[in-house]
Amino acid sequence: MNTAIRFLTRTRGSANKAGKIGMTDVLAFGYLLIGVLVILVPVLWTFLASIKTERALKTSDTRLLPFEQVTTDIDGLGEKYIYDFETPDGETVQVFKTGPTRKITEVAPVGDPGAVFKVPRTELEPHETIRLAVENYLDPILKRNGQTNFHFATYVFNSVFVTVAATLITLLINAMAAFALSKYRFKGRMAVTLLIISTLLIPSSITLVSTFFVVWTLGIFGSLWGVIIPAAATPTGVFLLRQYMLTIPDELLEAARMDAASEWRIFWRIIIPLSAPALSVLAILSVIWRWNDFLWPLIVLISDPSKHTIQIGLTTFSGEFDTSLHYVLAMTVVSLIPVTLVFVYLQRFITTGIANTGLK
């Protein structure tokens, strides 16, 4: 009897424990789902808006699906928008406006343009259909419908070059600085580390003027290198890599030195491979920073349209009195694709890189 009671007690305790674990998993999944929605909803809205027509965006159509009002060619009158009108006997007739829109508007059936009659404006419902406005993407890329000033291939090439070059230089410089600050013992090491980290407190707008004069003095103003070089070293990258390299055992470096390995070889053959997770995290951050950077490239490259990046190129659709939102949204979606691909490829290193950062 006592054995049976002990068995039931264990079973009930295991069931309660399993129930607690299940509830924890449900809560974790719920929090994760909320976080994903918060991040993805703006992106999803941007995509859905990018496949709407120009008229739908200008009329502030807030519906998710890309509805478009149907038009038809009326003999002698040209293209006319079609409306649905319900007659007193319950029949729905497709009509078009024959005059200006008033409280009482003159309309005529599509099949009989001469039979004009008057109806209240509020009784006219736009005759709509769902259509994907793929021209929002094709016009700027293929330079159709007057979009000859948007050089898509040039902008993408410049953005890729700036992003790849800046990311490689950033990884190299930050890794060397982090290696020195984490594996060498010298006087003032912590002071230098704190000084580098403290630069995060300085807004980038404050250093714009001084950075501009440095770039001008070096003779790289107006070139892509003027965008790449100033942002090569980042305090965030130095701190991230330093904290990760502190977790690498010093015994590995001492063993390599005993085998007559040079410091440069230790850096390339031991430090860099073991720091791959942290380097991947920094690479993702750097790609996002460089690809989406707007203000500094605008200052450096404004005088030469052939050097513009994709973010500056989007300003081509903004005029003094009008903005082509359908093209801006479509090209914004296109500009998100490279960053997304990089993130998907390197995301498996993010958890490892961040989890081990700061551990000793």
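The values are calculated or read from the model by the stated rules, or taken from the named source; none is laboratory data. In this text, all values refer to a predicted model and were calculated from it rather than measured experimentally. Using ideal geometry, Cβ is built from the backbone for each residue, glycine included, and neighbour counts are taken over all protein chains shown. Accessible surface is based on the protein model in full, side chains and every heavy atom, while ligands, DNA and RNA are left aside. Shrake-Rupley method; radii C 1.70, N 1.55, O 1.52, S 1.80 Å.
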Return yes or no: is A178 touching a Leu at 6+ places or on another chain (Cβ under 7 Å), open to solvent by less than 50 Å² (accessible area, probe 1.4 Å) and either among the basic types (K, R) or in contact (Cβ under 8 Å) with a residue 40 or more places away in the chain (or both)?
yes
When the residues of the stretch 285-332 are narrowed to those that are in contact with a Ser or Thr (Cβ under 7 Å, 6 or more places away or on another chain) and of a type in the set (F, W, Y), which ends up nearest to N136 (Cα to Cα)?
F317
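Here are I284, I299: which of them is β-branched (V, I, T) and open to solvent by less than 20 Å² (accessible area, probe 1.4 Å)? Please lay out each step first, then the result.
Working: I299 fails: open to solvent by less than 20 Å² (accessible area, probe 1.4 Å).
Answer to the check: I284.
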All but one of (1) modelled with pLDDT under 90; (2) part of a helix (DSSP H, G or I); (3) over 13 Å from F179 (Cβ atoms); (4) open to solvent by less than 40 Å² (accessible area, probe 1.4 Å) hold for A232, so report the exception by its number.
(2)
Search result, residues across the stretch 194-208 that are surrounded by fewer than 13 Cβ atoms within 10 Å (Cβ to Cβ) and closer than 19 Å to A177 by Cβ
L194, L195, S198, L200, L201, I202
Return the total of residues in the stretch 182-193 being surrounded by 11 or more Cβ atoms within 10 Å (Cβ to Cβ) and of a type outside the set (S, T, Y).
3
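Inside the stretch 50-71, can you point out the residues that are open to solvent by 40 Å² or more (accessible area, probe 1.4 Å) and outside any helix (DSSP H, G or I)?
T59, S60, T62, R63, L64, L65, F67, E68, V70, T71 - these are the residues of the stretch 50-71 that are open to solvent by 40 Å² or more (accessible area, probe 1.4 Å) and outside any helix (DSSP H, G or I).
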Can you name the condition, by its number, that M190 falls short on among (1) closer than 22 Å to R242 by Cβ; (2) part of a loop (DSSP other than H, G, I, E, B); (3) out of contact with any helix residue (DSSP H, G or I) (no Cβ under 8 Å at 6 or more places or on another chain); (4) not small (G, A, S)?
(2)
Inside the stretch 336-349, the number of residues satisfying the requirement of being among the aromatic types (F, W, Y) and open to solvent by 90 Å² or more (accessible area, probe 1.4 Å) is 2
Open to solvent by less than 80 Å² (accessible area, probe 1.4 Å), at pLDDT 80 or above and in a helix (DSSP H, G or I): does that describe G19?
no
Being in contact with a helix residue (DSSP H, G or I) (Cβ under 7 Å, 6 or more places away or on another chain) and on the phi > 0 side of the Ramachandran plot is the filter here; which residues of the stretch 254-281 pass it?
none
The listed residue being of a type in the set (A, V, I, L, M, F, W, C), out of contact with any Leu (no Cβ under 6 Å at 6 or more places or on another chain), free of Cβ contacts under 8 Å to residues at least 12 places away in the same chain and part of a helix (DSSP H, G or I), out of F213, F239:
F213
If you scan the stretch 308-335, which residues turn out to be modelled with pLDDT of 90 or more and either open to solvent by 50 Å² or more (accessible area, probe 1.4 Å) or outside any helix (DSSP H, G or I) (or both)?
H308, T309
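Table: residues versus (1) modelled with pLDDT under 85; (2) more than 24 Å from T315 (Cβ to Cβ).
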site	(1), (2)
F47	no, no
P66	no, yes
V70	no, yes
L77	yes, yes
R102	no, yes
T105	no, yes
F117	no, yes
L132	no, yes
I141	no, no
Does any residue of the stretch 116-125 turn out to be within 45 Å of the chain's Cα centre (by Cα) and part of a strand (DSSP E or B)?
yes
Residue hits (the stretch 111-137; among the β-branched types (V, I, T), within 22 Å of T87 (Cα to Cα) and open to solvent by 80 Å² or more (accessible area, probe 1.4 Å)) are T122
Based on what the data block shows, is T217 among the β-branched types (V, I, T), at pLDDT 85 or above and open to solvent by 60 Å² or more (accessible area, probe 1.4 Å)?
yes
Go through (1) in contact with a Phe, Trp or Tyr (Cβ under 8 Å, 6 or more places away or on another chain); (2) at positive phi for I284 and report which single condition fails.
(2)
